[in-house]
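Taking it in order: structure first as structure tokens, then the write-up.
Every read-out reported here was derived from the displayed coordinates using simple, explicitly stated rules and does not represent laboratory data. This structure is a prediction, so every number in the text was calculated from the model and none was measured. Positions of Cβ are generated from backbone atoms using ideal geometry, with glycine treated the same way; all protein chains shown enter the neighbour counts.
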């Protein structure tokens, strides 16, 4: 099975804790997405039709430690092949191979700023 | 103005809390997030990859695999997404020590049902059925500090000083679009 979509932070996307779904994707949410992935929160792939595939394995990495490749692809638009499992309303994806990575395509920071606003510390300003 | 008025209004919207089928007896604290319902239930702690694929390490991956609970009441596999710390931290490390055990868990089922047919679990406490005391699901940052002894000495929360995150920010910026784009944005963001 091949899935195309944006690699997202699923906790912020589904919980609304930081704002509406569109605000917690793309460049606006990139830093927070890295925080959540590194923190072991499940990463997802958001397909164009709105379906979210919960990633249980990313090539050789099992995902919950969040420190490897899965961290470096946050917010990227990818095409991945692998196995899909549906159980109790959730789509689980076991990624065998990343066929394509177009990089960070969803550049939405002009619409939303950064979400959350403290994602960039004041110390980042020269 | 980068962050427009409509965006601010949307960010400040407060979700409605609800009672759910497993709310009775729950002592979970509310987080005020979408679709939130308190949920106290018993079930078996499972490594989700094992549950789906049959690839089953004895320790459920020791916190390196996403974890869930197969609920006794209805055999539903509940994906545990979040622990009880408000610090961008997941649930796998909290549940892994209870791999294969039947436990009682308390927390919140969460999720905007316009986006997902199934809710996810924000776990707050875990209690093996043969134990009286509950274990708080709040150990992630303590484990992080053990794994990052140098970084933990730096002032600030873990996510500001995690070496892997900071290396990526140094390479491609907070927006992920490169340092030049970052610099232009930051100038405007902090005006």
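The table that follows gives values for the structure above.
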item	result
Within the range B:120-135, backbone nitrogen closer than 13 Å to the virtual label 7 Å beyond the Cα of residue B:72 toward Cβ	B:127-131
In nm, spacing of pseudo-spin labels at residue A:125 and residue A:83 (7 Å Cα→C-beta vector)	5.1 nm
Overall dimensions of the protein assembly as shown as given by Cα atoms, namely Rg and Dmax in Å	18.8, 58
Distance histogram in 10 Å bins (all Cα pairs of the range B:13-142, percent per bin)	14, 47, 33, 6, 0
Prolate/oblate/rounded call for the range B:41-84, Cα gyration tensor, a/c under 1.5 rounded	oblate
Shape of chain A, Cα gyration tensor, a/c cut at 1.5	prolate
Estimated 222 nm signal from helices in chain B, with DSSP H stretches of n ≥ 4 weighted -39500 (n - 2.57), rounded to 500	-6500 deg cm²/dmol
Those residues of the range A:15-33 whose amide nitrogen sits under 19 Å from the label point placed on residue B:190, 7 Å along Cα→Cβ	A:28-32
Cα-based Rg and Dmax for the range B:148-190, where Dmax is the largest Cα-Cα distance (Å)	12.2, 36
FRET efficiency estimate (nearest 0.05) - Cβ-Cβ, residue B:53 to residue B:19, R0 35 angstrom	0.50
Helix-only CD estimate at 222 nm, as mean residue ellipticity for chain A, using -39500 (n - 2.57) per DSSP H run (n ≥ 4)	-4000 deg cm²/dmol
Residues of the range A:92-121 with amide N under 16 Å of the 7 Å Cα→Cβ point at residue A:60	A:95-98
